[in-house]
Structure formats: structure tokens, C-alpha cells
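The values are calculated or read from the model by the stated rules, or taken from the named source; none is laboratory data. Fair warning: this is a prediction, and the values are worked out from it, not measured in the lab. Every residue, glycine among them, receives a Cβ derived from its backbone with ideal geometry; neighbour counts consider all protein chains shown.
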Amino acid sequence: MLEVSRASTGLLFFSFLFRSDLFTEDLFQNKVQNLFGKLIVFHPQINPLSVYYSKEMGHLENLRRVFYVSTETYPREFLLSSKLLALDWEREWVSDNSRMVNVDTGFLSLENFLLATTKNFSHRIFIGQNQFADLTYQFVDQSFQCLPWTYPDFKDPEKLEFFNWCRSFLLMHSKVVQS
């Protein structure tokens, strides 16, 4: 008899790159926390795409970034719904036809880390409603590993260390839930 295996669950990821002169981090944390519960919060020091986003958002010196990761697990299908939610939030915070907040979403599993994106490319998988999953890291040799197409913003050791820590958290969470 054919048995279909269940896809593993994982942690939801949200990144907000925003103008700190227009928005507070509390706004974003409350939005995510009200929907997905307690969060792991991380403030990356290195943000190589800030210059790129400042062309649209302005005020490079005011751009800040914060990561939120859920502490509860969710099915993989939430990658699509979280991306659609992020796009709604970005539209809510537009000023003069320019984004003032960039929201990225992702899904961290024991096997890999996926980012959701609106842009198709050869290594991206369609997940519905004109959205794609970008395989950003794969777990190999006891650590997440970058791939040739991993965004420069996610290649620095600080972020890899954070996502490896989140994976350890997920592993411990999974063991507790199974007990």
C-alpha cells in the first residue's frame, strides 16, 4: 500500500526592513505576535542591501532591520499565506507610491530554510498565487549552508549563526512535543 509521508513542520520567519523615523519595531512585533504567538527576536548588524532599498525608501541612516521567528511550529503551507500577508502589510505602509517597509517571510525546517518571493527564477518553486519558494539554505554537515543563489543579505556568518540557533530551537521543540 502506498503511504504518503507528511511534510515536516517548521518555524515561520519574518524580516522587516523599515524607516525608523516613521515606524517603531513594536508595531511590527505586535502584528506578527498577535497572529503567530511568542517570537524569537534578532537584530542583524550586517544589512548589505540597505543601500539598495534606500533608493526606494530613502534615508539610509534611518533604515533598520529586525527578524522575528515563531516559537511554535506551523505547516509548510503557511509560507504562502505569510507571504500574502506580508504583501498586504507592505501596501498598508506605502507612502508616495514607495515602500517604507520591506517585509520578507520564510520557513525554517530541520532540512532547509526557504524564503518566499514574488520573483520567478530557475531554482525557485511555484507555491501558488504568483508566489515562489527560494531555497536559501540547506542543512548539510551540521550547519545550514548557503547556495550559489543565496541572497547576499543572508550569506554573512551572523545570520547563519542565528538560523542555526533557530534550527537547534526547532529540534528541541520537536523533541519536547514528541515526548
Which numbered condition Thr150 fails, given (1) in contact (Cβ under 8 Å) with a residue 24 or more places away in the chain; (2) within 15 Å of the chain's Cα centre (by Cα); (3) assigned to a loop (DSSP other than H, G, I, E, B): (1)
Restricting the range 3-41 to residues that are of a type in the set (A, V, I, L, M, F, W, C) and closer than 19 Å to Glu61 by Cα, the residue that is farthest from the chain's Cα centre (by Cα): Leu22
Residue list for the range 99-124, filter: closer than 28 Å to His173 by Cα and either assigned to a strand (DSSP E or B) or in contact with a Cys (Cβ under 9 Å, 6 or more places away or on another chain) (or both): Val103, Asp104, Thr105, Gly106, Phe107, Leu108, Asn112, Phe113, Leu114, Leu115, Ala116, Thr117
Exclusive hit being in contact with a Ser or Thr (Cβ under 7 Å, 6 or more places away or on another chain) and buried (at least 16 other Cβ atoms within 10 Å of the Cβ), set Thr105, Thr117: Thr105
Of residues in the range 151-179 being farther than 17 Å from Gln138 by Cβ and of a type in the set (Asp, Glu), the one modelled with the lowest pLDDT: Asp153
Failed item, numbered, when Gln33 is tested on (1) within 22 Å of Ser174 (Cα to Cα); (2) assigned to a loop (DSSP other than H, G, I, E, B): (2)
The lone exception for Gln29 - which of (1) crowded, with 18+ Cβ neighbours inside 10 Å; (2) within 19 Å of Trp93 (Cβ to Cβ); (3) polar (S, T, N, Q) it fails: (1)
Residue within the range 119-130 that is in contact (Cβ under 8 Å) with a residue 12 or more places away in the chain and within 15 Å of the chain's Cα centre (by Cα) present: no
Extreme residue, surrounded by the fewest Cβ atoms within 10 Å (Cβ to Cβ), among residues of the range 51-90 that are in contact with a strand residue (DSSP E or B) (Cβ under 9 Å, 6 or more places away or on another chain), under 24 Å from Phe132 (Cβ atoms) and basic (Lys, Arg): Arg76
Residues (crowded, with 16+ Cβ neighbours inside 10 Å, touching a helix residue (DSSP H, G or I) at 6+ places or on another chain (Cβ under 8 Å) and not polar (S, T, N, Q)) located in the range 120-152: Ile127, Ala133, Tyr137, Phe139, Phe144, Cys146
Single unsatisfied condition, Leu22 versus (1) farther than 26 Å from Gln129 by Cβ; (2) touching a Ser or Thr at 6+ places or on another chain (Cβ under 8 Å); (3) in a strand (DSSP E or B): (3)
